[in-house]
Each structure stands twice: as structure tokens, then as C-alpha cells.
Amino acid sequence: MDLSPSGLTHDIAIIGGGINGCGIARDAAGRGWSVFLCEQNDLGSGTSSASTKLVHGGLRYLEQYEFRLVREALLEREVLWGIAPHIIWPLRFVLPYHRKLRPRWLLRLGLFLYDHIGGRKKLPPTRVVRLDRDETGKPLKPEFKRGFEYSDCWVEDSRLVVLNARAAADLGATIATRSRCLSAARQDGLWHVVVQGTQDAAPYEIRARCLINAAGPWVGDVSQLVMRDNHRTPVRLVQGSHIVVPKLYDHDGCYIFQNADKRIFFVIPYEQHFTLIGTTDRDYSGDVAAVHATDEEIAYLCRSTSEYLRCPVTPDMVVWTYSGVRPLFDESGDGTAQATTRDYVLKLDAPSGEPALLSVFGGKITTYRRLAEAALAKLAPHLPRAPGQPEGWTGRTKLPGGDFPTDGVEALLAAAAKTYPFLTATHLRRLLRAYGTRMHDILAGARCLADLGQLYGADFTEAELRYLVQVEWVRTAADAVWRRSKLGLRLAPEQIARIDEALIRMAAAPAAFEEHRQ
């Protein structure tokens, strides 16, 4: 597609390649609108890959009377599971009763609402659990004798972003990663957007009928620095950090723990050999790109977890941390960070006779698809009539690789084991959980492990790396081992360095690794 100033005019230009930007791009492209999306770094490299990785209603938001948000999120759980069963699956969470904190009747009421206001059909209901007799009680201190067990879902968050971008590109959208928006101005009834791909590349201009600022925690920076809007952006930046430690217990259940400060946090089995603990909730100021888990946050999560588990968790056990900044809509600036709404807010600026601007604030990864629908509903009056799919199509159409039933994982694994007997069950399961049925695009024609090319470490092969370069916009080792996967937990620094070296060689021979675009 011609991206020069004399090229085609896009219907929609999107700044930001997180879950909201990519979700909107997919929906818009499917409806027949032409879409251009630019992302200054890698897809999902900001907040969208720093979540607790849950598709959930948000049990604690009931206390804040966020009933609409919770209901919408609960309704989305099974919808998202249905369209992406390779990267989304059910989990069971145990909530121990803590006699010094919320009363038992309040927990019962909250879980009753959680079970009944969100259209649950496939997920198992809440049950009372005797922790002094149940397997899930063994890791806990003996004073926790009663609790509740309920359902939510897991999601590979950064893969959800990439799959939405891939689906959008397959439908004709232009996805420009590592491309910074330098300026955006209204002129002659259109947005004129100047983009620069790399520091030494010449900037180019695209035109669009509508512009969406979906830059996440950079939404204010884009408004002020790119669009020259000097008005205060009503965004509150809230930091959430997580820690990863070696596996703390043997069963596959998860925990949701309460703290005396009224916060909650999760303890979740992670990547087979680890446990994920998070999140914190604190106001953030400073460079968003420099956000990291502080010593104070690490100590807080270790201390809080140790109040519940028989075996204490200490900072020296931490093998990895990650942190993100949530851009919450907050006009008043009052109250605590954890009390600020997690609901999304869409602000439309469409002066008469001028092209529309839509700014996206807040949101949860669980409701990204509904956010996209709401965003396009606001922009529809400013766009040509949509010639493609009707509203709601994204909840009925599978994401790439997800074209199998929610209960079909084991059948696919069994079939793959017969087709690729040279791969271990662990390797096959990882590939299926990442790529779904598109794992065959990586493995096609291979009759032995050597056919997949160089082995970089763990079970990461040259064939998989080539696929990530060609199809999923991977340009650095960090893209591959921390966002498209979490293989960074299993690879040594020198192995990751070898992947970067391989990517340099691939970039030097671009014809061999031409990226699949629209």
C-alpha cells in the first residue's frame, strides 16, 4: 500500500498498538473500513503485556458499585474463550475466608452476584471449600479453614494483542510497528499524520478521515506533543507490578488473597515451573517507559503472600518482575489509585466540518472487544457506510489459530503427537497454546527436529523464529522471548543474545523473510 502523501486516504488512523488499538483495528477492518495503525515500539510492549493475564469480571469492583463494568466483563469471559481457546482457558480461584477482614456473608453475596449477573454458561459455579480437607488448603496456614472457589479465565495477554493485529492485517489493515507518530493535524477535512519508521528513515505522511489516540499511558503525551493540545488530559497513571518466583505448590488452582489495606492480589501457577504474584496498585509519575517493580513493591507482595502461605516468600526468591502503567480516566484527581474506575472512557472531539478525533482512556483487557465496538459506534457518523461485517462480528469469529472448540485442546495435541512424533509433549503443548492450529505453519513438512533448523535453547527453534518474523512483527529477541512467549524464563542470557544475532542475519536478507502484510 502506498504510504506517501499522494497515496490512498485511510478511513481510520490509530496511534497505539496495545490491546485497545489492535482490537479497534481488527473490528474496523472487518467492517470494511481502511485502517492504518502505528506503534512506536513492539505490539503490546506497554501496559497490555503487563497485566495479571486474567479474563475476569473483577470481583473487587463490586465493592465499588461498578456493576455495569463487572457485568460486561463477565459476559465477555466466555465470548473471548470461544474465539481464542488456544490462548484463553478456565481457571479456578480459591478465596480463603479471613476472619479479620471482609465478613463471610459479604464474600458469599459478592460471589453470588459474580455467578449470576454475567451470563455464565460453561464455567463452573462457585462452591464452598473446606480448606482443612481440600488439596487447595495444603499450602495455606492452618488458620484458614474455610473458603470459596470460583471461576475466571487465563489469557496470554501479549499474544491476544498480536492475534488481533494479525487478524486486522489479514483483513487489509496496515500495521506499522516501530513507527512513531511525529505529528497529526487537521487540514482540508482530513487528518494529516506524519510517521517515522526508524530514526534514520525518512518520515512519511498518511491521511485519514478519523484519528484514534489509543496510546495507553502515553495518551496525554500524544495529545500534547503530537496534536499540540494544551488542555489537561484527565488521565491518572497507576502502576501495577508483578513478581515471579519458583513454583510454590503442586496443584493447578489459583488464589485470590485479601490485604488489610483492602487491596486484593493473585497467586497463580505460571509457565509450569513458576508462580505469578500480583498486582500492586499505586499512583505513578515519571517516564512511563522506565516503569519497573520497586523494592518496596516486591517486599509488599512477598510479605502479603507470606501472611497466607505456610512457606514464606522472600525477595531473594524472585526470578523475574514486570510492571505496567494503567491510564485511568480521572477528571477529579481525588481518591486513591485503587478506587479510580477501571472502566473505559471514550472522548470524541469532532468540530463541525473537521475530521473526528477519539481518545481512549482506561479499560480492561477483558473488555477490549466491547471498547472497540463502542469506539466505532462513536466514529460511524463520521465515516463512510461500512461495507463489511455488522457490529458484533468479532465475538463470533475466531482469532487466528483459534478455529477449534473450547474443549478441543487435548484432541489437537493427540493428533499433533502422531504427526510430529519427534517433538516432546511439552513442546507441542507450548506451540498449541501459543499458535493454535497455526502451529502447523511452523512445523509443516518437518520429519525430525533438525528440519526445524537451529535450536536456540529450551525448545525454541529457527522455524518458530522465522514464523514470528514473517507473521508476527518480531524484530528483537525480547519480542520473541518475553512477549510472543515467556521463554525468557528458560533461556540463558547468551542464548537470548544468539537469537538477536540470528535476527540481525535475517534482517540482512529481507527477501528470505518477507513480512506477511495486508
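The values are calculated or read from the model by the stated rules, or taken from the named source; none is laboratory data. Keep in mind that this is a model prediction, so the values were computed, not measured. No Cβ is skipped: glycine too gets one built from the backbone with ideal geometry, and neighbour counts run over all protein chains shown.
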ask   = So which residues in region 267-320 are within 26 Å of Leu131 (Cβ to Cβ) and among the small types (Gly, Ala, Ser), if there are any at all?
value = Gly278, Ser304, Ser306
query = Does Gly18 qualify as being touching a Ser or Thr at 6+ places or on another chain (Cβ under 6 Å), under 23 Å from Thr394 (Cβ atoms), crowded, with 19+ Cβ neighbours inside 10 Å and among the small types (Gly, Ala, Ser)?
reply = yes
request  = Restrict the check to region 52-62 and report whether at least one residue is of a type in the set (A, V, I, L, M, F, W, C) and surrounded by 21 or more Cβ atoms within 10 Å (Cβ to Cβ).
outcome  = yes
Those residues of region 242-287 which are farther than 25 Å from Arg104 by Cβ, in contact with a Ser or Thr (Cβ under 8 Å, 6 or more places away or on another chain) and either free of Cβ contacts under 8 Å to residues at least 12 places away in the same chain or not in a strand (DSSP E or B) (or both), in sequence order = Lys247, Leu248, Gln272, Thr279, Thr280
query = Quick one: which of Arg228, Arg232 is part of a loop (DSSP other than H, G, I, E, B), at positive phi, among the basic types (Lys, Arg) and out of contact with any Phe, Trp or Tyr (no Cβ under 9 Å at 6 or more places or on another chain)?
reply = Arg228
ask   = Could we say that Val195 is in a strand (DSSP E or B), β-branched (Val, Ile, Thr), touching a Ser or Thr at 6+ places or on another chain (Cβ under 8 Å) and in contact (Cβ under 8 Å) with a residue 60 or more places away in the chain here?
value = yes
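Listed here are the residues, each with its yes/no results for (1) at pLDDT 95 or above; (2) of a type outside the set (Val, Ile, Thr); (3) touching a Pro at 6+ places or on another chain (Cβ under 7 Å).
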residue: Ser49; (1), (2), (3): yes, yes, no
residue: Leu54; (1), (2), (3): yes, yes, no
residue: Arg68; (1), (2), (3): no, yes, no
residue: Ala73; (1), (2), (3): yes, yes, no
residue: Glu78; (1), (2), (3): yes, yes, no
residue: Ile83; (1), (2), (3): yes, no, no
residue: Ile88; (1), (2), (3): yes, no, no
residue: Gly118; (1), (2), (3): no, yes, no
residue: Leu123; (1), (2), (3): yes, yes, yes
Arg303 touching a residue at least 24 places away in the same chain (Cβ under 8 Å), outside the structural domain of Val35 (by TED's automatic domain parsing) and out of contact with any helix residue (DSSP H, G or I) (no Cβ under 8 Å at 6 or more places or on another chain) = no
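Residues checked against (1) in contact with a helix residue (DSSP H, G or I) (Cβ under 9 Å, 6 or more places away or on another chain); (2) part of a loop (DSSP other than H, G, I, E, B); (3) not assigned by TED's automatic domain parsing to the domain that holds Gly240:
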residue	(1), (2), (3)
Gly353	no, yes, yes
Ser359	yes, no, yes
Ala372	yes, no, yes
Ala380	no, no, yes
Pro390	no, yes, yes
Gly401	yes, yes, yes
Region 72-128, subset of a type in the set (Lys, Arg) and free of Cβ contacts under 8 Å to residues at least 60 places away in the same chain, residue farthest from Glu143 (Cα to Cα) = Lys121
